[in-house]
Structures are given as C-alpha cells and as structure tokens.
Ligand SMILES: CC(C)(COP(=O)(O)OP(=O)(O)OC[C@H]1O[C@@H](n2cnc3c(N)ncnc32)[C@H](O)[C@@H]1OP(=O)(O)O)[C@@H](O)C(=O)NCCC(=O)NCCS
C-alpha cells in the first residue's frame with residue numbers, strides 16, 4: 001500500500017519576540033499570571049507587512065531543504081490557516097509562486113483553526129494514498145496577532161505567530177504499523193460549540209475581519225476530554241497502546257491542557273514535546289512547529305512512532321499516528 005512518508009520538516013518564527021512583560025505594558029496582566037495559568041513565557045509576532053504567506057514559504061523552504069528536494073518536486077500544497085493573506089485566493093497559491101514551484105498542480109487552503117494541521121495532513125495523506133500526489137507540502141501558518149483584541153487580557157496573551165511544514169513523499173509500505181509514514185488519521189467536528197471559540201467577523205457576516213473571542217474555561221474542559229478520546233482512537237485503530245509511543249507532539253494551547261491530557265492517558269511527561277513556553281498558541285502552526293523543533297534537536301529520530309493531536313474552534317479536533 002502507498003504510505004505518506006515524512007521526508008522533511010521545517011519551521012519559521014518571525015524575528016519579533018514578545019515577552020509577557022511586553023504584553024503587561026499593553027493590558028492588565030503579569031508574567032507570573034501568564035506563566036502559571038498557561039506555561040507561556042513569550043511568543044513571536046509578525047512585523048508589519050510580514051504575511052502568513054511569507055511565514056508559510058519560509059517554513060516550506062526549510063522542509064524542502066531538510067528533505068534534500070527542490071521546489072520542482074512538489075505536486076500538492078495544502079496550507080492550514082485561519083489567518084490567510086486575503087479572503088481569496090488561497091494563500092497556498094501565493095506560496096506556490098514564492099517557493100518557485102512549477103505551476104499547474106493543486107494548491108489550496110484548509111480552515112480548521114487549531115486542528116488545521118491535522119486536517120491538512122489527513123487530506124494530503126489521502127491524496128497520496130489515492131495516487132494523486134507523490135510529493136505533498138503540508139503547511140500550518142498563522143498570523144494570529146492580527147485577529148487578537150489587545151484590550152481583552154483573557155485572550156491576547158495566549159497566541160503567537162509562526163509556521164511549520166512537512167514534506168510527504170509517496171512510498172510503498174507493507175500496511176503494517178512498522179511501516180514508515182502516516183499510519184492513520186482521525187478527525188472530528190462539533191459545530192454546536194461554535195460560540196465557545198470564534199472570530200466575530202467575516203466577509204459574509206460583517207464584511208470585517210473580526211477579532212478572536214473565547215470562553216477559555218469551557219474550551220479547556222472540552223479539550224482535555226476530546227484530546228484524550230482522539231488519542232485513544234488512534235492507538236486502538238492500530239492495535240497499539242500509549243507504551244508503544246516514542247513521542248507525543250500535542251497542539252500547544254496551554255501547558256495545563258497538555259499535562260492534564262497526558263496524565264489522563266498515563267503518558268509520561270518525558271515523552272511530550274512542548275514548545276508552548278517559547279511559541280504560545282500558534283494555532284495551525286503549533287504541531288508542525290513543535291515537530292520541527294524536536295526533529296532538529298535530535299529528540300525525534302528516524303523510526304520513532306509519534307502521535308500528533310490538536311483541538312480548535314468549531315470545535316474541531318484530530319489525531320494522527322506517524323512513524324518518522
Ligand atoms: C484562558 C485560560 C488560561 C484562563 O485560565 P483560568 O484558570 O480558566 O482562568 P479564569 O478564566 O478562571 O480567570 C481567573 C481570573 O484571572 C483573570 N485573568 C484572565 N486573564 C488574565 C490575564 N491575562 N492576566 C491576569 N489575569 C487574568 C480573570 O479575569 C479572572 O479574574 P476574576 O477571578 O477576578 O474574575 C484557560 O481557561 C485556558 O487556557 N483555556 C483554554 C484556552 C485555549 O487553549 N484555547 C485554545 C484552544 S485551541
């Protein structure tokens with residue numbers, strides 16, 4: 001059977017690093033409160049004029065370099081973002097040009113907020129399995145600083161900007177869990193929870209971009225339950241247990257959500273990749289950013305079994321088991 005093998009990973013963070021103390025100059029908050037409640041120490045914000053497509057292109061370039069391939073090889077781009085450069089066309093089409101890819105192949109955006117990377121990975125994996133792509137770029141890129149309300153201390157301290165990318169290459173596998181590549185993906189959505197985490201604008205509703213609104217405590221409660229369930233779903237689907245995992249790369253929303261979910265699953269904290277202290281919540285970029293960091297620093301090695309999970313607005317949530 002065809003497998004989507006992870007041939008390369010890349011990441012990009014804007015140069016502008018914003019500490020909790022920097023934010024405390026704008027809203028009534030403190031470094032102590034943010035660290036204790038979220039685990040966040042700082043985040044990066046894009047410079048004026050620096051767009052999601054710029055972040056995405058830089059991360060994609062790094063993934064191509066990591067794979068030892070040039071842009072000519074790419075035949076699919078799926079870009080997960082809730083903060084596109086424009087309402088249309090898709091930011092992915094800009095990335096296709098900025099990377100210097102040959103034109104013609106499909107490139108599109110996908111919107112599932114913080115679960116966006118899991119959704120994009122699933123779509124690209126299915127293209128590969130169907131024989132419709134051989135070398136797919138899957139990118140998560142966000143400029144959430146543009147949709148934050150800097151008068152709302154309950155939300156503006158939680159998010160940051162960044163991008164992460166993976167390059168998937170089609171390879172024949174045996175179908176066993178010892179294969180390299182994406183072993184399975186699991187996606188969910190529950191639109192009844194729309195009002196717990198949303199942006200209060202859009203082209204069809206207000207003709208404005210809008211700002212992020214969230215009921216943090218309720219989101220927290222749902223996140224631990226949904227993430228626990230979707231991790232077990234991935235393990236069960238492959239006849240594996242948490243003990244078989246080498247690493248978990250969770251969505252980086254809140255250190256307490258990450259710790260609470262891991263504890264509920266009986267996964268040791270040493271197996272969890274956390275980047276939240278330096279990145280904050282970069283929405284669709286958070287999982288591929290964390291993955292890239294842990295690959296680059298040598299923690300995640302070839303042959304390791306890793307579990308990716310995320311949950312976001314919608315609600316949407318998902319998981320994927322991947323042997324790297
Ligand atoms: C947002 C979140 C950190 C708030 O933490 P919490 O422990 O639930 O805190 P509460 O909302 O109960 O607020 C506690 C107090 O802190 C205050 N507070 C909120 N934000 C604050 C800030 N940035 N600085 C200082 N105080 C703050 C509140 O006003 C409240 O004060 P009060 O008790 O006087 O009313 C937490 O709910 C969370 O992380 N939720 C999940 C959000 C998330 O990850 N969303 C993305 C998912 S993709």
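Quick note: the coordinates plus some simple rules give every number you see, no bench work behind them. Keep in mind it's a predicted model, so treat the numbers as computed, not measured. Reconstructed Cβ throughout: ideal geometry from the backbone, glycine too, with neighbour counts over all protein chains shown.
Overview of results
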| read-out | value |
| --- | --- |
| The chain: calculated mean residue ellipticity at 222 nm from DSSP helix runs of at least 4, using -39500 (n - 2.57) | -9500 deg cm²/dmol |
| Rounded to 5, percent antiparallel among DSSP beta bridges of the range 2-172 | 70 |
| Directionally averaged projected area (convex hull, Cα atoms, the range 2-172), nm² | 10.2 |
| If the convex hull is drawn through the Cα atoms of the chain, its volume per residue in Å³ | 123 |
| Beta bridges by DSSP in the range 181-323, antiparallel share as percent, to the nearest 5 | 80 |
| Highest average packing first - 257-270, 112-125, Cβ atoms within 10 Å | 112-125, 257-270 |
| Within the chain, percent of DSSP bridges classed antiparallel, to nearest 5 | 75 |
| FRET efficiency estimate (nearest 0.05) - Cβ-Cβ, residue 28 to residue 132, R0 51 angstrom | 0.50 |
| Globularity index of the range 153-202, i.e. its alpha-carbon radius of gyration over 2.2 N^0.38 Å | 1.90 |
